[in-house]
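One structure below.
The values are calculated or read from the model by the stated rules, or taken from the named source; none is laboratory data. What you see is a predicted model, and the numbers here were worked out from it, not measured in a lab. Note that each Cβ is placed from the backbone with ideal geometry, even for glycine, and that neighbours are counted across all protein chains shown.
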Amino acid sequence: MGNLTRRKPNETMRLIVTTFVGVVFGFFVGVSFPTLSTKVNLPSSLFPTIDISYIKYKESGIRNAWSSVNNNNDSRSTQAQKLNDTSKILVPSNPRGAERLPPGIVEAESDFYLRRLWGKPSEDLTSKPRYLVTFTVGYEQRKNIDAAVKKFSGNFTILLFHYDGRTTEWDEFEWSKRAIHVSIRKQTKWWYAKRFLHPDIVAPYDYIFIWDEDLGVEHFNAEEYIKLVRKHGLEISQPGLEPSRGLTWKMTKRRGDREVHKETDEKPGWCTDPRMPPCAAFVEIMAPVFSRDAWRCVWHMIQNDLVHGWGLDFALRKCVDPAHEKIGVVDSQWIVHQTVPSLGNQGETQNGKAPWQGVRERCRKEWTMFQSRMTKAEHTYFKDMGIDPSNSTVN
């Protein structure tokens, strides 16, 4: 009977293994559900070999490990999403249209500096002209322009707008090979200026000369002119005009007793305010000179369809403040207006009228249209601001 009740060795081993597996399984169930341990109070004597603090430590390690893995996965996912996201760069302060570019690559401005097709870009320019002078020209006035260009030093970039389509012939002059030539037939200088002298294009230049082709410059020196403009704080200016030649406003006639003047006495009734055009804050459109900042404003005021620019000279004052102090005429550097009717000859005969008559009529119409637009725009602005236009100081 004793032999019958004795367990076989393999059954004893199976019992030990089963017990061990059960204990291990119970241990991991307890770790997986830690909240149960806080609800069931068992005597510690039942588990004499188990260190509760060790269990908690391992539990914390497992959790931290899973948290680290999840965080790394999330980080990698976010980075991958950013790399695939075309809007990952957004810089509102960048120029319009360039908000998605990193600021370090943005070139918001340009220039007229000529570049080589070889060598290092950093070695292209031996100097950078600080001023820009433009002439709107026809080949018939080449001798006059040649004389004028020679009054401007290497500190000036020369830009010619050709209204007659003839450009290569100008290569007879050495300076022409270094000049910028833009050719579109039968257009005016304000048409060219609006399309080719954007403020961000001419930004490298301290002053911009926008001149006609029929100006005598025997008594003019560009470098000396710049010195006087700086000295007297002029943002918009022109050289004085020889008073005995051609029709001109009294304000723009040269005075022989001073360097610069900023006001004058016109005919009775012509000036409602002595600080307003044409008694002050006024230059004509034949030979104006603009500072970089003043030109940025004036460019925006030029109308695309009013190509002659008549009336613009009366509105230039709106671009500087105080205008009666920052707009003036340089008397000691003066020019002669030769009044060559070259632009009028670019017109066409219509209704029996000569070409120049049609051009002149349009000039007058544009003056009226520009004044009307400016008045309407100002009144609309003041009305939107809740201000009575009749009480405003704008005239």
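In the set (1) assigned to a helix (DSSP H, G or I); (2) within 26 Å of Glu224 (Cα to Cα); (3) in contact (Cβ under 8 Å) with a residue 24 or more places away in the chain, Met286 fails one condition alone, (1). Here Val336 meets each of (1) buried (at least 16 other Cβ atoms within 10 Å of the Cβ); (2) free of Cβ contacts under 8 Å to residues at least 12 places away in the same chain with one exception, condition (2). From the list Arg296, Arg360, the one residue that fits, being part of a helix (DSSP H, G or I), modelled with pLDDT under 95 and charged (D, E, K, R), is Arg360. Of everything in segment 218-238 that is assigned to a loop (DSSP other than H, G, I, E, B) and among the acidic types (Asp, Glu), the residue that is farthest from Asp321 (Cα to Cα) is Glu218. Pairs meeting the criteria (first residue in segment 366-395 and modelled with pLDDT of 90 or more, second residue among the polar types (S, T, N, Q), beta carbons under 6 Å, at least 6 apart or on different chains) are Phe382/Ser392.
Quick grid of which residues meet (1) buried (at least 21 other Cβ atoms within 10 Å of the Cβ); (2) within 15 Å of Asp313 (Cβ to Cβ); (3) of a type in the set (Ser, Thr, Tyr); (4) in contact with a His (Cβ under 6 Å, 6 or more places away or on another chain):
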residue: Asn221; (1), (2), (3), (4): no, no, no, no
residue: Val229; (1), (2), (3), (4): yes, no, no, no
residue: Pro243; (1), (2), (3), (4): no, no, no, no
residue: Asp257; (1), (2), (3), (4): no, no, no, no
residue: Glu263; (1), (2), (3), (4): no, no, no, no
residue: Pro278; (1), (2), (3), (4): no, yes, no, no
residue: Val283; (1), (2), (3), (4): yes, yes, no, no
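For residues in segment 287-317 being farther than 18 Å from Pro277 by Cα and among the aromatic types (Phe, Trp, Tyr), which is surrounded by the fewest Cβ atoms within 10 Å (Cβ to Cβ)? For segment 287-317, the residue satisfying everything is Trp299. Going through (1) free of Cβ contacts under 8 Å to residues at least 24 places away in the same chain; (2) closer than 19 Å to Trp295 by Cα; (3) among the charged types (D, E, K, R) one by one, Asp171 falls short only on (2). What are the residues in segment 318-333 that are surrounded by fewer than 20 Cβ atoms within 10 Å (Cβ to Cβ) and small (Gly, Ala, Ser), if any? Ser332 - this is the single residue of segment 318-333 that is surrounded by fewer than 20 Cβ atoms within 10 Å (Cβ to Cβ) and small (Gly, Ala, Ser).
Can you pull out every residue in segment 256-280 that is within 13 Å of Gln238 (Cα to Cα) and either in a loop (DSSP other than H, G, I, E, B) or free of Cβ contacts under 8 Å to residues at least 12 places away in the same chain (or both)? Answer for segment 256-280, where residues must be within 13 Å of Gln238 (Cα to Cα) and either in a loop (DSSP other than H, G, I, E, B) or free of Cβ contacts under 8 Å to residues at least 12 places away in the same chain (or both): Glu259, Lys262.
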